[in-house]
Every structure is written in C-alpha cells, then in structure tokens.
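Novice: Please see the structure below; I have some questions.
The values are calculated or read from the model by the stated rules, or taken from the named source; none is laboratory data. Keep in mind it's a predicted model, so treat the numbers as computed, not measured. Cβ atoms come from the backbone with ideal geometry, glycine included; neighbour counts cover every protein chain shown. Accessible surface is based on the protein model in full, side chains and every heavy atom, while ligands, DNA and RNA are left aside. Shrake-Rupley method; radii C 1.70, N 1.55, O 1.52, S 1.80 Å.
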Amino acid sequence: MGGYQSNELNVVWDFFLDEAANEARGAVPSAGLLWWSRWPMAMLAVVSAALLFRLVAEVAGRWAGLVAMLLFAGSGYLRYTLDRAMGESTLLFGLLAALVATGYAVRGSWLQNLTARSRPVRWIRRLGWIGIAGAASGLAGAAKLNGIGILLACELAWLLACARWRAQRQSRQFWLAIGGAAFCAAGAATVFVGLNPYLYPDPISNTREMVLQRTTEMRTQADVFPQDHIGDLRTWGSAVPRRIFQDYATFSFRAAGPVNALLAIAGLWHTVRYAFERHPGRRRSQAACQVLLLGAASGAGPALMTPLDWDRYYLLPIVFCTAFVAVGVISLLHYWRGLLSWRGTRVGLL
C-alpha cells in the first residue's frame, strides 16, 4: 500500500551488535516504511477497543463496556505496545474477535427450539458465528503462537452452551455440539495454516518445529538477557503483579497497585458469580461471563508464566485485567447504590 518494494525493506536487527553497527548494515527502517508498517497495527488497535467494549458490555452492561474502552484508550502502555510494527496488535484483534464471535454463538437459550425444523436459521447462524470464532483464533495463532490457545476457550464455551440448551432429542444436541466444535477447529486450522506458507508441505510436523524453535529462542533470550529472566517464584511474585497492577496499568499513581488489584478482584468475582448462576433472566449474561472467564484463562494464563520480564509479554494480562477492572467499577457502583437506597429506605421507616 505504501509503494515499497522488497529491496527497500530493512534487514533483520542483530541484537549482538550496537545501534551504529546495525544502522550501517541497513537494519534501521526508514521513517516512511515504519509509518506504513505501524498504520495497520494502529487501526487494528482501534477495532480491538470496540471489540473489548462489546465483550465487557455483554458481561456487565454498556456502562462497563464504556469504562473498559476508555481505560483501553487511556492506557499509555497499550498505545505504545499496539502501535508498533509487531504482532501484538494482530494477536489482540484476533483474540478479541474470537471471543466476541463466540459470545454471539452461545448467547441466550434455545430451549425447545434448538433444532426445530421451523427455525433452522437459528442453529445455522450460531454455527456460522462459532466458525468465525475459529477463524479469528487461527489469525491470533498466526500472529503469535500463544494466540492459538484462545481456540480452547471458544470450544469449551460452545460445549458448555450445548450442554445448557435443551433439545427435543438428546442425539441432535450431541451432534450439534460435535459439529460446532469441529467447525470451529476447521476454521482455526484453515486460517492458521493458510497464513503460514512454511506449514504447507507438512502442517503437523512443521507446526511442531515452530513450537520447538520458539521454545529454544526463549531459552536463548533468557541466557542472553539474564537481568530480565524470571527464574523463580520469588522473582515472579515481585515482578509480574507490579507490572500488571502498577507499572502498566491505566491508573498508575503511587498507590495504584492495591486499588487496581481490588477492582480487578471485584470484577472477577462478579464474572464468576454470574457465570454459574441459573437465573432465567440472566442467561445472556451467564454465557458472556463464561466466555470472558475462559478467554482470560486461555489467553492471559500462559502469558503470566512468561520467563522474561519484557513489556510486550504482559499485553494479554493487561487487557483482561482492564476488562475485569471495568466490570469491578460498575459492580461496586451498583452495590453502593443499592446499599444507599436500602439505608435511605430504612431511615424513612424509622
């Protein structure tokens, strides 16, 4: 789009040389090339903010979604991380798109109309959404290998929804669950392999080689940069929570760590509570809460075990923490409003 040819691209940066030597080798991209490389990432970051709004709004309402989007837009860490010409913005876009599509696939309840002949569009539409979720998971995995883990969240959310829905025949319900899961996996495999030409000759063996190469690379990075290596639980406990709740949080004042942690815990509690509540009026919220929890576990969970204390490795934990903080803010406001209303009623009675 920018008009650059392959011979105008910079060569790979050599981290064993200093900046002057790399510049002499042609490893520093030109300003124009860098702008055209960052522009699509910035656009994907904007769309990701909208997807985060949709995901959180399904869990705790539009006000919570708005708070999440404002926290996202106001985060200096996210602006810095997602504007770079790297894979983080594509990873986040694919991951959030997969969760939002899964939310549309599993929202609500079909009850007795699950496979009714008079309404076949209902299950066709849901299969379409879970297929889109699989394709988005493949995109996330193609951007960064750990992104493919979101496929597990989509599959589990679909199976939980199929177990929750009631059909006229259990056999139909079973085959719908299996078919949707297979459709989701096929979409992920198609996009993941399609975007990686290296995988074309032998997708399974070459994917294994990619994973092994990435593991070897991380071990090498830990050896080359020992000052950034997280080698034990004590180092992890002092570094990871501080990065998530203090250093890289949107609210980053002196005592922000405990405040952000408490708000995130409140949002997590709200999400867990409604994820397993069987109230008939909260079926939509229940499915959305399950999607958010599964997405956080499969997306942010592996990232929390990072062996390197590098800023971009905290992307997914920061994003999901932002989502839970937004839910926590709104749930606490609802709690305080109810408490004040109850006290006002009590004073009036006295």
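Novice: Mean 1/r over all different Cα pairs, inverted: what Kirkwood radius does the stretch 13-66 give, in Å?
Specialist: 14.1 Å
Novice: When N counts the residues of the chain, how does its alpha-carbon radius of gyration compare numerically with 2.2 N^0.38 Å, as a ratio? Display every interim value, and only then the final one.
Specialist: Details: Rg = 22.6 Å, N = 350, 2.2 N^0.38 = 20.4 Å.
Against the compact-globule rule of thumb, the ratio is 1.11.
Novice: Output the 0 to 90 degree angle, nearest 10, between the alpha-carbon long axis of helix 256-275 and the longest principal axis computed from the alpha carbons of the chain.
Specialist: Computed tilt is about 50 degrees.
Novice: Would you work out if the stretch 1-160 is rounded, prolate or oblate? Take a ≥ b ≥ c from the square roots of the eigenvalues of the alpha-carbon gyration tensor; rounded if a/c is under 1.5, else prolate when a/b is larger than b/c, oblate otherwise. Could the numbers behind the result be given before it?
Specialist: On the way: a/c = 3.03, a/b = 2.21, b/c = 1.37.
Cα axes put the stretch 1-160 in the prolate bin.
Novice: Additional query: Taking all protein chains together and a probe of 1.4 Å, list F183, F225, F276 from the most accessible to the least accessible. List each step's numbers first, then the result.
Specialist: Values: F183 105, F225 55, F276 150 Å².
Per-residue accessible area, sorted high to low, gives F276, F183, F225.
Novice: Okay, next question. At L304 and V224, where each label point lies 7 Å from the Cα along Cα→Cβ, what is the point-to-point distance in nanometres?
Specialist: In this crude label model, L304 to V224 measures out at 3.0 nm.
Novice: If you count only protein heavy atoms with a 1.4 Å probe, what accessible area per residue comes out for the chain, rounded to a whole Å²? Before the final figure, lay out each step's value.
Specialist: Numbers: 18980 Å² over 350 residues.
Averaged over the residues of the chain, the accessible area is 54 Å².
Novice: Give, rounded to the nearest 20 debye, the magnitude of the charge dipole that the chain has about its Cα centre when Lys and Arg contribute +1 at Cβ and Asp and Glu contribute -1 at Cβ. Walk me through the numbers on the way to the answer.
Specialist: Values: 33 positive and 19 negative charges, 544 e Å.
With only Lys, Arg, Asp and Glu charged at Cβ, the dipole is about 2620 debye.
Novice: I'd like the orientation of helix 31-60 relative to the chain: the angle between its Cα long axis and the longest Cα principal axis, in ° from 0 to 90, rounded to 10.
Specialist: Between the helix axis and the principal axis of the chain, the angle is about 20 degrees.
Novice: Moving on to the next point. Specify the angular offset, from 0 to 90 degrees and rounded to the nearest 10, of the alpha carbon long axis of helix 283-304 from the longest principal axis of the alpha carbons in the chain.
Specialist: Result, in degrees: 30.
Novice: Which distance in Å, rounded to a whole number, links the C-alpha centroids of the stretch 2-40 and the stretch 186-209?
Specialist: 28 Å
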